[in-house]
Structures are given as structure tokens and as C-alpha cells.
1. Defining a contact as two alpha carbons under 8 Å apart and six or more residues distant in sequence, what relative contact order in percent does region 135-206 show?
2. In what order do 199, 208, 242 fall by count of nearby beta-carbon atoms within 10 Å, going from fewest to most?
3. Sequence gap at least 6, Cα distance under 8 Å: using those rules, report the relative contact order of region 47-198 to the nearest whole percent.
4. Given the DSSP H assignment, sum -39500 (n - 2.57) over each helix run of at least 4 residues in the chain and divide by its residue total; what's the result at 222 nm in deg cm²/dmol, nearest 500?
5. Length gain on complete extension for the stretch residue 102 to residue 242, per 0.36 nm per residue less the alpha carbon to alpha carbon distance?
6. Cα extents of the chain along the three principal axes, largest first, in whole Å?
7. Which of the residue pairs 123/239; 38/123; 73/104 have a Cα-Cα distance greater than 20 Å in the structure shown?
8. Among the DSSP beta bridges whose two residues both lie in the chain, what percent are antiparallel, rounded to the nearest 5?
Amino acid sequence: MGLISGRVFFKILAFLCFIRLSQGRNHSATPDLPPLRKASSFSKIQHEAYDYIIVGGGTAGCPLAATLSKKYKVLLLERGGSPYGNHNISYLENFHICLTDESKNSPSQGFISTDGVINSRAKVLGGGTCINAGFYSRANRRFVKDAGWDEELVNQSYPWVEERIVYWPKIAPWQAALRDGLLEAGVSPYNGYTYDHLFGTKVGGTIFDEAGYRHTAADLLAAANPDNLRVLLHASVNKVIFKTRHGKR
Ligand SMILES: Cc1cc2nc3c(=O)[nH]c(=O)nc-3n(C[C@H](O)[C@H](O)[C@H](O)COP(=O)(O)OP(=O)(O)OC[C@H]3O[C@@H](n4cnc5c(N)ncnc54)[C@H](O)[C@@H]3O)c2cc1C
């Protein structure tokens, strides 16, 4: 691994392991979502009050908005547009087009990290799940513990996501060869198909279905209470002003 760093190697490996050829088309139907409105429509609804305002309708923002809306009034603000109808997002074979699209309405935005790595970040409802390689795995238990999260609640949350947008991949011959190569190189044990974060080699989940159609975090908004959730697109937040009860900033 002399030429590339371990982190880059892992990313390439994860990408190679879970990209597979698409098997056909099922043109998966758009899920039944709350209305996705443009921010420019906000002037008509500006007198509404919200319990929570979420900035960024990405991988975390969408499920957060959906679950909070069960009990609370929620406003979700996303700077990008809708992922629905964009074939560069939806179809696996267009993965590279999406990442290299530099047009104004591109769902991805190129940037160079502070340590000089060329990278992309999302600019679309659904966030990173619209532009990423689609590999899905549950978190390392140690990570959950160190973060101080409620392990039981985290474990309950996994199936909520998995039953909506996660699939088992069909393994192409070259992927089987890679898996076998890892095992031969001693990356063991072989854990088979599992979402769990385990030592060794495994086949994890993917957000691409059997037809190679991408399911994103935006789909999770279908689980929201539409009466309690307002979603605004092309809504870039530039400044957040906090006020105390007495109106002081
Ligand atoms: C090429 C690539 C491949 C990857 N592959 C995988 C993979 O296979 N598996 C995996 O688990 N992870 C992968 N990742 C990482 C994963 O996608 C991210 O870690 C994850 O999406 C981050 O989620 P997030 O909710 O923190 O941010 P995001 O999903 O990026 O959401 C942030 C959202 O906030 C919006 N936003 C930002 N600023 C504003 C603003 N001022 N106002 C309004 N909205 C705003 C953005 O438009 C975006 O929609 C990959 C990432 C990349 C770039």
C-alpha cells in the first residue's frame, strides 16, 4: 500500500465491493412524500411557527425531520433541489456522471479538503445518499458507546431505515473474486451477508435495489406526518439568529 494511504485504499475497496452492475429497470415509483416546495413559496406561509427547524435535508436531516414530525411541527430547509426524476442520481451506472457534474443544478459540489483531498459533497434533498456509493452497514458498537448514545434506541432505529431503503446486493463474479481474495489474504472470518459491523470480510447492504435504482434518505420523508412537516427546496440558510425569551439576541 505504498502509493496510496490506508484511508484512500479503504474507500476504493468499499466502492469496489458494493458497486454492482444494474440488472434491469423497475422505474421504482416515487414514494408518497409530503409536498416538496420551493423556498420562493415561503412568503405565502411565513406566519407558521415550528417546534424544530432542520438545516439540511440530507442523510441525517431527512430521517430526523420524519421522526420529529410524528409529534412536532417541523420545517426542513434544503439548499438543493429534488432528487426525483434525476437519472444521474437514480441509476447506478450514472454514479460517476453525478459526481463530475459541475453545472449550476448539479446535486454534487466538488471541493478540496483542508488536507488536499479532492472530494464531493451533496447539494440535493437526500444529501450524501444521492451521490454516494450506496454501501450500508450498521455502526461499530464501540462507536455508539463512545458517542454516548442509547444503544437500545440505536438498535431499534436500524430496522426502521433498513426496511425502507436497504437491499442485499447481487454479487458479480469480480466482486466474488475480490471477496475470496480478501479471505485468501487473511482478512477473516467470513461473516456472510450481514449489516453488522464485524471484523473480517462480509457482504453488507446497499441502497441500490435489484434494478440498480437508488433509494435515498429523501424516501424516508414518506414516514413523516405530512400535516406536521414543511419541506422547502433551494432554501440556503446563510445565518441562524437565536433569540432569548425576552427577545435579546
Ligand atoms: C463519493 C462518496 C461516496 C460515499 N460512499 C459512501 C458509502 O458507500 N456508504 C456510506 O455509508 N457513506 C458513504 N459516503 C459518505 C456519506 O454519504 C456521508 O457521510 C453522509 O451522507 C453524510 O450525511 P450528513 O447528513 O452528515 O450530510 P449530507 O447527507 O451531506 O447532508 C447535508 C445536507 O445539508 C444541505 N446543506 C448544507 N448547507 C446548507 C445550508 N446552508 N442551507 C441549507 N441546506 C444546506 C446539503 O445540501 C445536504 O443535502 C460517501 C460520500 C461520498 C462523497
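Read-outs throughout are calculated quantities, based only on the coordinates presented, and are distinct from any laboratory measurement. Just so it is clear, the model here is predicted, and its values are computed rather than measured. Neighbour counts are summed over all protein chains in view; Cβ atoms, including those assigned to glycine, are modelled from backbone coordinates with ideal geometry.
1. 41 percent
2. Going from sparsest to densest Cβ surroundings: 242, 199, 208.
3. With pairs under 8 Å counted, the relative contact order is 18 percent.
4. The helix-only estimate for the chain comes to -7500 deg cm²/dmol at 222 nm.
5. 46.9 nm is the gain from fully extending residue 102 to residue 242.
6. Cα extents, longest axis first: 65, 40, 39 Å.
7. 73/104
8. Antiparallel: roughly 40 percent of the beta bridges in the chain.
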